[in-house]
Amino acid sequence: MTFTAKQLKKAARIILVGAPGVGKGTQTERLLSRFPELASISSGDLLRENVRKKTPLGLEAEATIQAGNLVPDSMILNLISSEFKTRNWFSPSPSASVSPSASFILDGFPRTASQATSLDSLVPINFVVHLVTPPSIILSRIASRWVHEPSGRVYNTDFNAPKVPGKDDVTGEALTQREDDSIGTWKQRLHKFEETSKALLQHYQSKGCLWRVEGNSSDEITPKLLAEFERKFC
């Protein structure tokens, strides 16, 4: 899909919520293509970058990980806050509030209602998109996914099939299915998402910024998402 760039009339602070395999990454890419003012802020990327650069936050996070502990919410919030400062997104007021012009898609955080409450204290989110595709469609999609391990090229026998069945288009080498792409593993992941996302979605429902969109494919969801986004922010 190709998109004509459009300008925002007000800041958009977005979170995409959806089950694994629903296409959050695809929708993020399409929103960024359509609206150049948007930035993608990935908590996972920020964590890895800070660890790699050995920043004070990165060293603290690395020590936590090496000790076998989960990185606490407060540390993730500090990473996001630090990124906002780097982008000059904090206004110089005594309250150091986030600039009214800052527009972004936040990826990887929050995943729970308690994380969402913590994030509210840093920056108010004003558009939470609940992407919904039937689990049976997602499982069918995963069952049809094949990869060329050395390069990472991904094929799908339903809509992006290799030219020669079972062979990589570039090298001709055999394609395989990832171990973690087993249907059993994915059923567990989908079930866990359903359990953990309820309170998160209820949190944003109570804030009045939750919007649900359904579709069997990313191409079906994108036009609905773009239309609603333009209605709210353009």
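The values are calculated or read from the model by the stated rules, or taken from the named source; none is laboratory data. Just so you know, these numbers come straight off a predicted model, no measurement behind them. Positions of Cβ are generated from backbone atoms using ideal geometry, with glycine treated the same way; all protein chains shown enter the neighbour counts. Heads up: the accessible areas ignore ligands, DNA and RNA and are worked out on the full protein's heavy atoms, side chains in. Shrake-Rupley method; radii C 1.70, N 1.55, O 1.52, S 1.80 Å.
Sort out which residues of segment 60-88 are farther than 25 Å from ALA39 by Cβ and among the hydrophobic types (A, V, I, L, M, F, W, C), and write them in order of number.
Across segment 60-88, the qualifying residues are ALA63, ILE65, ALA67, LEU70.
Identify the residue in segment 165-183 that is farther than 22 Å from ALA19 by Cα and β-branched (Val, Ile, Thr) and, among all such residues, is modelled with the lowest pLDDT.
Within segment 165-183, the match that is modelled with the lowest pLDDT is THR176.
Taking segment 181-215, which residues are of a type outside the set (A, V, I, L, M, F, W, C) and touching a Pro at 6+ places or on another chain (Cβ under 7 Å)?
ARG189, the sole residue that qualifies.
Of the residues SER40, SER33, which single one is among the small types (Gly, Ala, Ser), assigned to a strand (DSSP E or B) and either open to solvent by less than 20 Å² (accessible area, probe 1.4 Å) or within 22 Å of VAL213 (Cβ to Cβ) (or both)?
Answer to the selection: SER40.
Return the residues of segment 174-183 that are farther than 15 Å from ILE137 by Cα and of a type outside the set (D, E, K, R); say none if nothing qualifies.
ALA174, LEU175, THR176, GLN177
Could we say that ARG212 is modelled with pLDDT of 90 or more, assigned to a strand (DSSP E or B), open to solvent by 90 Å² or more (accessible area, probe 1.4 Å) and not hydrophobic (A, V, I, L, M, F, W, C) here?
Spelling it out, ARG212 is indeed modelled with pLDDT of 90 or more, assigned to a strand (DSSP E or B), open to solvent by 90 Å² or more (accessible area, probe 1.4 Å) and not hydrophobic (A, V, I, L, M, F, W, C).
Taking only segment 53-66 into account, find how many residues are open to solvent by less than 70 Å² (accessible area, probe 1.4 Å) and in a loop (DSSP other than H, G, I, E, B).
Here is the first cut: in segment 53-66, the residues open to solvent by less than 70 Å² (accessible area, probe 1.4 Å) are 55, 57-58, 61-64.
Subset that is in a loop (DSSP other than H, G, I, E, B): 55.
Within segment 53-66, residues that are open to solvent by less than 70 Å² (accessible area, probe 1.4 Å) and in a loop (DSSP other than H, G, I, E, B) number 1.
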